[in-house]
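Below is one structure, written out as structure tokens; the observations come after it.
Each value in this text was obtained by applying a stated rule to the coordinates, not by laboratory testing. Because the structure is a prediction, the values reported are computed rather than measured. For neighbour counting, all protein chains shown are included, and Cβ atoms are generated from backbone atoms with ideal geometry for every residue, glycine included.
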Amino acid sequence: MRVVVLAGGDPGHVFPAAGLTRALVERGHEALFCTGGHWMEALERSGIPGRAMPHPPPNPEPDAVRRLKQTSRRLAPRIAETLEDFKPDLLVSDVMTPSGGLAAALLGVPWIEFVPHPVQDPTPLLPPSGSGFAPARGPLGRARDRRFFRYTGAQWEKGREGRRRDIARLELDAGRAALAGDGSPLTRIFAALPALEETRPDWPADAHLVGPIEWDPAAVDLEPPPGDGPLVLLSATTVTGAVTGLAAAAVHGLDGLRIDGHQVRLAWTVLAPPETGLPDWVRAGPGRQEPLIEQASLVICGGGHGILAKALSRGVPVVTVPGGGEQRENADRVKRSGLGERILPFMLTPARMRRKVRRVLEDPRYRARAEVCRPEPGSRGSGDLAVDVIERTMARFTAG
């Protein structure tokens, strides 16, 4: 097949989409990753075919939600024009790139939605995603969730209706209109860590959980600080809505923290580290995260699914300081599962960071629970499982 994978925006969405593209190429498909032009050099270095996504047209709309919807409609024709010469059979679009489904309709090809975080479909059986509530244990909790669902379910349906209107605005010819239908994808692939999924009997029929898919654009390794103390990896995210001050709280909070008589060491992966002022037990700079996580006893992060999956799938517990998007929900699930600790942004201080890190490092139960998240030895990779879903879905589509 000729497959386009489309993702724009935050690295947490670009990285798994790039990994999926690589998995498609390794399976023998002709795949092309369309994303921001600043990723092209790193993609080429990894052997992943890439093409720069066109820039969205200027939009002065002050309302953020309306601006996103309007931008998606206006960007879709540009994306379709960019990809027309590739002649794709299928478009796989990241969940945060709604213009992808519209571009697929303009190209006259089916599309699949790619979601690099846990399932967030509303259900009367669970509290709303991001609410901070734990799953109900009694009748009052279940009544609470049913009440929330009356609102979240209506909002979900409102989003679907908006997608139908967007498809209608494209004024497609009869053939493309029939293929596009109501604008829904053929299916959805969730590249999420199973340990972070809540148990739900009404699992969506079109949701395929394959596990996290990784790609690291870094070309160098960051040397960890010298010493014998526990190594902590700091991944201070730059995603929109991220917590500011996370790195400062970690550096100041861990200063002088000793576990079994040894100073804790900190490896901070960051593109532009401070030029001066870091103590000897801290190393900061660009570098691949996977080798550092393999050596680490703990990861401090914002709570994005990508870094959580990297850490937990290697048996490393976490301390999260969640920002925007799905980070709050992820952090809540981590805490409830005993996989780490959480600090809410308005409570972030060096002293609280120190206490949370000490608690996780000194209590072996956190590490034991994180170890359960490791994939079974010899199990198939998440990229392969995702390609399986794509191939099966397209086989049914062409047969039907």
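In order along region 124-130, phi translates into HN-Hα couplings of x, 9, 9, x, x, 4, x Hz, rounded to whole numbers, per the Karplus curve 6.51 cos²θ - 1.76 cosθ + 1.60 with θ = phi - 60° and x for Gly and Pro. For region 231-362, a simple Cβ point-charge model (Lys and Arg +1, Asp and Glu -1, everything else neutral) yields a dipole of about 360 debye relative to the Cα centre. Per-residue packing, averaged as other Cβ atoms within 10 Å, sorts the ranges 302-313, 147-158, 176-187, 323-334 into the order 302-313, 323-334, 176-187, 147-158, beginning with the highest.
Compared with the direct C-alpha span, the chain from ALA351 to ARG146 gains 69.9 nm at full extension, assuming 0.36 nm per residue. Build a GNM of the chain with springs between Cα atoms under 10 Å: which of LEU231, LEU278, LEU20 gets the top mean-square fluctuation? Greatest mean-square fluctuation among the candidates belongs to LEU278.
In this structure, ALA218 and ASP280 have a Cβ-Cβ separation that, at R0 = 22 Å, corresponds to a calculated FRET efficiency of about 0.40. When the charge dipole of the chain is built from unit charges on Cβ atoms (+1 for Lys and Arg, -1 for Asp and Glu) and taken about the Cα centre, the candidate among LEU172, ALA399, HIS208 whose Cα reaches farthest toward its positive end is HIS208. Its relative contact order, with pairs defined as Cα atoms under 8 Å and 6+ residues apart, puts region 1-133 at 25 percent.
Estimated purely from DSSP H runs of n ≥ 4, each contributing -39500 (n - 2.57), the mean residue ellipticity at 222 nm for the chain is -13000 deg cm²/dmol once divided by its residues. For the chain, the share of DSSP beta bridges that are antiparallel, to the nearest 5, is 5%. Multiplying the residue separation of ARG67 and ILE259 by 0.36 nm and subtracting their alpha-carbon distance yields 64.1 nm. Scanning residues 5 or more positions from VAL92 or on other chains, those with amide H under 5 Å from its amide H are VAL4, VAL5, LEU6, ILE112, with H placed 1.01 Å from N in the peptide plane.
Give the relative contact order (percent, whole number) for the chain; include only Cα pairs under 8 Å separated by 6+ residues. Working shown, then result.
Values: 762 pairs, mean separation 58.4, N = 400.
The value is 15 percent.
Cross-link partners for LYS335 among the lysines, with Cα-Cα distance under 23 Å and sequence neighbours closer than 8 places in the same chain left out: LYS310, LYS356. Charged side chains reduced to their Cβ positions (Lys and Arg at +1, Asp and Glu at -1) give the chain a dipole of some 1500 debye around its Cα centre. Along the charge dipole of the chain, which of PRO350, GLY183, GLY302 sits closest to the positive end, that is, farthest toward it, with unit charges on the beta carbon of Lys, Arg, Asp and Glu (+1, +1, -1, -1)? The one lying farthest along the dipole's positive direction is PRO350. Near ASP221, the amide H atoms lying under 5 Å from its own belong to ARG288; only residues 5 or more places off or on other chains count, and H is placed 1.01 Å from N.
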